[in-house]
Amino acid sequence: MPKAKIEYKLRIPSQTENLEIIRFFVGKVAEKVGFAEDDVGKIELAVDEACTNVMKHAYTETVKDKTLDVAILIDYQKLTLVVTDHGKGFNPDKIRQPDMKEYLAELRVGGLGIFLMRTLMDEVDYDIKPGVRNQVRMVKYLINRKNSKIVN
Amino acid sequence: MENFKVVRLDGVNLTTLKIIGFLDAHTAPTLEEAIQKLLDEEQVNILVDFKELSYISSAGLGVFMGFIEEVRSKNGDIKMCAMSPKIYRVFDLLGFPTIYQIFDKQEEALATFPQNSAASSSE
């Protein structure tokens, strides 16, 4: 893990055909800063789920500039992923963790992305300003937070 | 750029779908079409071979969820085999092993279908 803060940014059309490129970009950075293969896979899946949500739900037909930004911040022992769109946004208070028992009983389709993001990453939060910009921010620690020491 | 494909192998009373590449929100409709085609043909005994699948997201998992109820109501099933540990972990995180029968080897899965006559791939 590098000692200085580093930021990587990707601006890309909000289309599902670009998911592969986004995963590759994020996966390569995670690999380079020292995450184990298992965690690289989790980070790739988390960013895929966040971007898929944007691609499926953020923009109405009439919006001309349908892009999303993926930023990766490397800050000592953690990687922060920030996915930003400029679409209609949503109310994060209405997002609830799916009740897995209920879910399995109903065999419900979809809605698994947010559950996965929360499971795969150490922190997930939202900053929603509808029509201005919406962000989901996810953090993965390189080492277990309880044992971590910040080294300058 | 072909990053996902489905190879169909028909047996007598069973069809194996080999899924190859990346299964995400972009490629999920390809799998959806392949399974829908089987249902249109009234083929409800389906084995999905994951051996050459290198990635899956919830959009891919959602495809199976979308069909399982209908398939089972017609006395069929969708079973799965040969997942890499990475793919299995995603299924496991979402509790899918309690819904679907997942086998390590294709032969084990084939043996569990009724009246199956060797629909294994000839690799």
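Restricted to segment A:85-108, and to residues there that are surrounded by fewer than 16 Cβ atoms within 10 Å (Cβ to Cβ) and more than 14 Å from chain B (Cβ to nearest Cβ), the residue that is modelled with the highest pLDDT is A:Lys88. For segment B:26-104, the strands (runs of 3 or more DSSP E) that sit wholly inside it and include 1 or more residues that are of a type in the set (D, E, K, R) are B:45-49, B:77-81.
Restricting attention to segment A:12-34, the residues that are under 22 Å from A:Phe115 (Cα atoms), of a type outside the set (S, T, N, Q) and touching a residue at least 24 places away in the same chain (Cβ under 8 Å) total 5.
A search for C-beta distances below 7 Å between a residue of segment B:92-113 that is closer than 14 Å to B:Phe64 by Cβ and any residue that is among the β-branched types (Val, Ile, Thr) and in a loop (DSSP other than H, G, I, E, B), counting only pairs 6+ apart in sequence or on different chains, returns B:Gln101/B:Thr112. Screening B:Lys51, B:Lys86, B:Lys79 for residues that are surrounded by 18 or more Cβ atoms within 10 Å (Cβ to Cβ) and among the charged types (D, E, K, R) leaves exactly one candidate, B:Lys79. Of all residues in segment A:41-66, none satisfies the criterion of being modelled with pLDDT of 95 or more and more than 14 Å from chain B (Cβ to nearest Cβ).
Report, by residue number, each residue of segment B:64-123 that is among the hydroxyl-bearing types (Ser, Thr, Tyr) and modelled with pLDDT of 95 or more.
Going through segment B:64-123, the residues among the hydroxyl-bearing types (Ser, Thr, Tyr) turn out to be B:73, B:84, B:88, B:98, B:100, B:112, B:117, B:120-122.
Within segment B:64-123, B:Ser73, B:Ser84, B:Tyr88, B:Tyr100 meet the criteria.
The listed residues are A:Ile22, A:Ile74, and the only one of them that is within 14 Å of another protein chain (Cβ to nearest Cβ) and at pLDDT 90 or above turns out to be A:Ile22.
For the structure I just gave you, tell me whether A:Val82 is surrounded by 21 or more Cβ atoms within 10 Å (Cβ to Cβ), at pLDDT 90 or above and outside any helix (DSSP H, G or I). Against the criterion (surrounded by 21 or more Cβ atoms within 10 Å (Cβ to Cβ), at pLDDT 90 or above and outside any helix (DSSP H, G or I)), A:Val82 does not qualify. Annotation: of all residues in segment A:16-44 being of a type in the set (Asp, Glu) and under 24 Å from B:Pro29 (Cα atoms), the one that is surrounded by the fewest Cβ atoms within 10 Å (Cβ to Cβ) is A:Glu17.
The values are calculated or read from the model by the stated rules, or taken from the named source; none is laboratory data. Here the structure is a predicted model, which means the values were calculated and not measured. Counting neighbours? That spans all protein chains shown, and the Cβs are built from the backbone with ideal geometry, glycine included.
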